[in-house]
Amino acid sequence: DTSALVAALLTQHQHHALARPHLPSEGPIPAIVLAETFAQLRRTFGLTAHAATTALSHWALAERRIAALPASGYAELFRVARPLQLGGNVHDALIAKTCSQLDLPLVTLDRRQHAVALALGVDSHYLLS
């Protein structure tokens, strides 16, 4: 997820060494994770748009490395939103759903992301456990 990707990309991040081995060299990354990571690199870490794009270019500029959930996946997610009481964590659910539906590993430093994934029945690797 975004927490793991940010940590994997930034050598100065406290969890860089923990997250870096999980960075997929060829495999796709969920589109929402790429977008959220771009926003975090800009807002939280003060990178320029050029620097943030460069950091993500291996995945973000290669269509085959961008994993996007089809419309049916969104519809399915919204069907379970009410029973799961999703709110602001709908982004976490979207990441989990994308990983599950497209058979991608979900690696996170965020316990909330991990909890949402488990609630959806999605395998999640919580790096801080």
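Values in this text are rule-based calculations from the coordinates and carry no lab data. Since this is a predicted model, take the numbers as computed values, not measurements. All Cβ positions, even for glycine, are placed from backbone atoms using ideal geometry, and neighbour counts span all protein chains on display.
Taking the criterion of being without any contact (Cβ under 8 Å) to a residue 60 or more places away in the chain, part of a helix (DSSP H, G or I) and of a type outside the set (Lys, Arg), the residues of region 1-32 that qualify are Leu5, Val6, Ala8, Leu9, His16, Ala17, Pro21.
Put simply, of Val116, Val80 the only residue that is aliphatic (A, V, I, L, M), more than 17 Å from Val6 (Cα to Cα) and crowded, with 16+ Cβ neighbours inside 10 Å is Val116. All conditions in (1) under 15 Å from the mean Cα position of the chain (by Cα); (2) of a type outside the set (Phe, Trp, Tyr); (3) closer than 24 Å to Gln12 by Cβ hold for Arg65, with the sole exception of (3).
Only residues that are surrounded by 15 or more Cβ atoms within 10 Å (Cβ to Cβ) and closer than 16 Å to Gln12 by Cβ were counted in region 44-60, giving 4.
Of all residues in region 61-77, none satisfies the criterion of being touching a helix residue (DSSP H, G or I) at 6+ places or on another chain (Cβ under 8 Å) and loosely packed, with under 11 Cβ neighbours inside 10 Å. Restricted to helices (runs of 4 or more DSSP H) entirely inside region 36-129, those with at least 1 residues that are out of contact with any Ser or Thr (no Cβ under 8 Å at 6 or more places or on another chain) and among the polar types (S, T, N, Q) are 49-60, 71-81, 90-101.
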